[in-house]
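Presented below is the structure to which this report refers.
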Amino acid sequence: MSINNLKSRIQNRDACIAVIGLGYVGLPLVIRFSEEGFRVIGFDIDEEKVEKLNKGKSYLKHIPSSSIDVAVNNGFSATSDWERISDCDAILICVPTPLGSHKEPDLQYIQGTMDSIKPHLRVGQLLILESTSYPGTTEEELVPIANKRGFTVGEDFFVGFSPEREDPGNTKFTIKDIPKVVSGITENCRSVVEALYSSIVNNTVPVSTTRVAEMTKLLENIHRAVNIGLVNELKIVADKMDIDIFEVIEAAATKPFGFTPYYPGPGLGGHCIPIDPFYLTWKAKEYDIHTRFIELAGEINTAMPVYVVQKISEALAQNGKNLQGAKVLILGVAYKKNVDDIRETPAFRIIELLQEKKAKVDYHDPYVQQLHQTRDYNFQMSSIDFSAETLAGYDLVILTTDHDVFDYDLILQNAKCIVDTRGRYRHQKSVVCA
Ligand SMILES: NC(=O)c1ccc[n+]([C@@H]2O[C@H](COP(=O)([O-])OP(=O)(O)OC[C@H]3O[C@@H](n4cnc5c(N)ncnc54)[C@H](O)[C@@H]3O)[C@@H](O)[C@H]2O)c1
């Protein structure tokens, strides 16, 4: 199939889209392509998710089942049958890219996907990596497979990279409004990638190579990690100087140029900001370069839970209590407000540190009813009920995630002692900021 053929199938909405990895990134893409009239097939190795999605049900809190149901009615189906890859014109890879135990890139999910789809690839398809990774991944992991199958990339098979800019829970922007960086291995590849995404977003941003696109995504995330590290450090200094860091940030943010506000917190969380920067750190070593900003920000951000626990200990001491045996309630375990995502959440490190000091820890999070085993932690805990009585039963309540649904007045009126890591109570003299 020629490039023009593929482009016209995209333009006429005849193209079938494969989305591999039906998670935080893949599912919104499924919904968006389906809204635009494309037939979408979702691939995932998790049978439970596949089954649920085929019934028109969402498994992520911020994605309503109604959106999945509409997609199913428009022809979307989920599967783990890789043979169906050959039915698809465009294949989008949205699988996890975590770190290994030594902070090295763990590409097993991308490699696993390539192994699964390899026998079913055919001439005329477009293969795009959406997962975040270091510059060179598309060239090193996708192109050799296409070559091995005997395709000529840019002529009868097309390969590109387009990073996702998903921000779960952010209601201000939809996929359609967020400009999408697009790239290809060759000029032909880039032009098909651009044609595909132009059908679902208002603006595409073509860049010259897949390596530029990969590095762009990393710059975006490193920029956040470093600036959050900076405000976290400044928070500690400001606290010692008895200065309200939030008031400082608000005042600085009135500058109409050259300043972007970032807010301190209990540490970094989520699948992206604590992880992605280290993909570049690892790759930079190949060039004998030590990425000091990334390492330093990582050091400061990962130390924040220790700082928070120290503030908890001081707050308890002021009330004549010790951490040992103290009853502590964690409010919010999701890594950020209004979502159910607990990946890399700093709340878990805080719980661990408190338990090490023999505090009795419970949590309440309306978005996370139960804690299950993760790669690093195994807390078998359930979210406790939230009421004036339960709040009053704890020696200390710590606000780790400032979900909008929390009743902040109720917390203030009933908790014996509050430690706030989010600045929600910054005007309350009785609350300890951490
Ligand atoms: N979560 C975000 O906000 C966000 C934003 C931008 C970019 N990213 C990047 O997007 C990628 C995906 O992240 P996510 O948050 O959607 O992850 P996720 O864990 O929510 O979803 C990934 C899905 O892939 C499935 N999967 C794993 N291996 C597979 C395989 N071999 N074949 C098929 N399915 C497989 C998993 O079962 C899961 O459903 C990562 O590279 C991440 O860095 C994430």
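The values are calculated or read from the model by the stated rules, or taken from the named source; none is laboratory data. Keep in mind the model is a prediction, meaning the values are calculated, not measured. Cβ placement follows ideal geometry from the backbone for every residue including glycine, while neighbour counts extend to all protein chains displayed. Ligands, DNA and RNA are excluded from the accessible area calculation, which covers all protein heavy atoms including side chains. Shrake-Rupley method; radii C 1.70, N 1.55, O 1.52, S 1.80 Å.
What the table shows:
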read-out	value
Nearby aspartates and glutamates by direct alpha-carbon distance to LYS148 (threshold 14 angstrom, same-chain neighbours under 8 apart not counted)	ASP115, GLU139, GLU140, ASP156
Partners for LYS358 among lysines (Cα-Cα distance below 20 Å; same-chain residues under 8 apart left out)	LYS311, LYS321, LYS327, LYS416
Net dipole in debye of the stretch 314-434 [+1 Lys, Arg Cβ; -1 Asp, Glu Cβ; about Cα centre; nearest 20]	400
Of GLY136, GLY160, GLY325, the one that fluctuates the most in a GNM where the chain has Cα springs shorter than 10 Å	GLY325
Rounded to 5, percent antiparallel among DSSP beta bridges of the chain	10
Cross-link pairs beyond the 32 Å C-alpha cut-off, checked among LYS49/LYS172; LYS57/LYS118; LYS240/LYS283	LYS240/LYS283
Per residue accessible area of the chain, 1.4 Å probe, in Å²	45
Reach of LYS176 by Cα under 15 Å, taken over aspartates and glutamates that are not fewer than 8 positions away in the same chain	GLU35, GLU36, GLU164, GLU166, ASP167, GLU194
Calculated on alpha-carbon atoms, Rg and Dmax of the chain in Å	23.6, 76
Over the stretch 322-434, relative contact order from alpha-carbon pairs under 8 Å, at least 6 apart, %	27
Principal axis box of the stretch 275-372, alpha-carbon based, largest edge first, Å	53, 29, 19
Separation of alpha-carbon centers, the stretch 1-63 and the stretch 117-182, rounded to whole Å	14
Residue-wise HN-Hα coupling along the stretch 290-307, computed from phi with Karplus coefficients 6.51, -1.76, 1.60 (Hz; x: Gly, Pro)	9, 8, 5, 4, 5, 5, 5, 4, x, 4, 5, 5, 6, 7, 4, x, 5, 4
The chain, helix-only ellipticity at 222 nm - DSSP H runs n ≥ 4, -39,500 (n - 2.57), divided by all residues, nearest 500	-11500 deg cm²/dmol
Top of SER383, SER101, SER86 by mean-square fluctuation, Gaussian network on the chain, Cα under 10 Å	SER101
Phi to ³J(HN,Hα) by Karplus 6.51 cos²θ - 1.76 cosθ + 1.60 over the stretch 256-271, Hz, x for Gly, Pro	x, 8, x, 9, 10, x, 10, 10, x, x, x, x, 8, x, x, 7
Volume of the Cα convex hull of the stretch 316-400, divided per residue and given in Å³	92
For the chain, with +1 on Lys and Arg beta carbons and -1 on Asp and Glu, the positive-most of ILE398, ALA253, ILE3 along the dipole	ALA253
Built amide H within the under 5 Å cut-off of VAL40, gap 5+	ILE17, PHE76, SER77
Accessible surface of LYS235 - all protein chains present, 1.4 Å probe, nearest 10 Å²	10
